Amino acid sequence: MGSNRLSNNLRRLRFENDHMTQQQLADKAGVTRQTIIAIEAGKYAPSLPLAFKIAQTFGISIEDVFQYENEQS
Amino acid sequence: MSKLQKAAWFNLVMITVCFIISIPCLFFLARVNAKGIEYLLTCFIVACITTPVFYMLYRKKSFEAGFDEREKMINRRAFSCAVMGLTVFLACVCFIPFFVLGGQNVVKVYYLPLIFLSTLFAAQFVHSVAILIQCLLEEEDGQ
């Protein structure tokens, strides 16, 4: 059995984009700050539309924001 | 605190208030042994007290309106927990007297609305607590 994990560079991207706050990103993506916190902490995997919206906010592709890791045990 | 958490706290407080109002009323009805029109009149008075509280609770067209996708998911999970809690609670309140009193014994009639009110309270309580716990677990590592 393998375990799947979705990692992300949200924190780094926020700081690279004029130190964007979680609230600013949340407002642009149309979600709450708590959702951004949960995504950053890897505790919530966003839906595909939300992932695209976040990537569009930074003007980069979705693969540059989210990485899918499939660990085989 | 997010809108969902605020709604959960509000729900928890309101349902507790309703429960605290309803239970003494129920025991009052049972004590005076009201029935027929007397019973209906007393129920009407109780409804006059509790309806505004329920109206405040459910005045929104949709509970999920304005919530984002994570909050909707949390709410769905909490609803599943509430259904599970309701089932377990209902099983307990129905089976415990059966095993304690025995199959040939009798229970008072006021036990029936008490089961209904307690089950409603249990389901709402589990729903709100499940929302608050999920929010807490997801946010504990956040800043």
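Computed from the coordinates by the stated procedures, all read-outs in this text should not be read as laboratory data. Bear in mind that the values here come from a model prediction, so they are computed numbers and not experimental data. In this analysis, Cβ positions are derived from the backbone assuming ideal geometry, glycine residues included, and neighbour counts consider all displayed protein chains.
Brief remarks on what is shown
- Here is the figure for segment B:70-100: residues that are within 13 Å of another protein chain (Cβ to nearest Cβ) and in contact with a helix residue (DSSP H, G or I) (Cβ under 6 Å, 6 or more places away or on another chain) total 3.
- Of the helices (runs of 4 or more DSSP H) lying entirely inside segment A:1-68, those containing at least 2 residues that are more than 14 Å from every other protein chain (Cβ to nearest Cβ) and either surrounded by 14 or more Cβ atoms within 10 Å (Cβ to Cβ) or of a type in the set (Val, Ile, Thr) (or both) are A:48-58, A:62-65.
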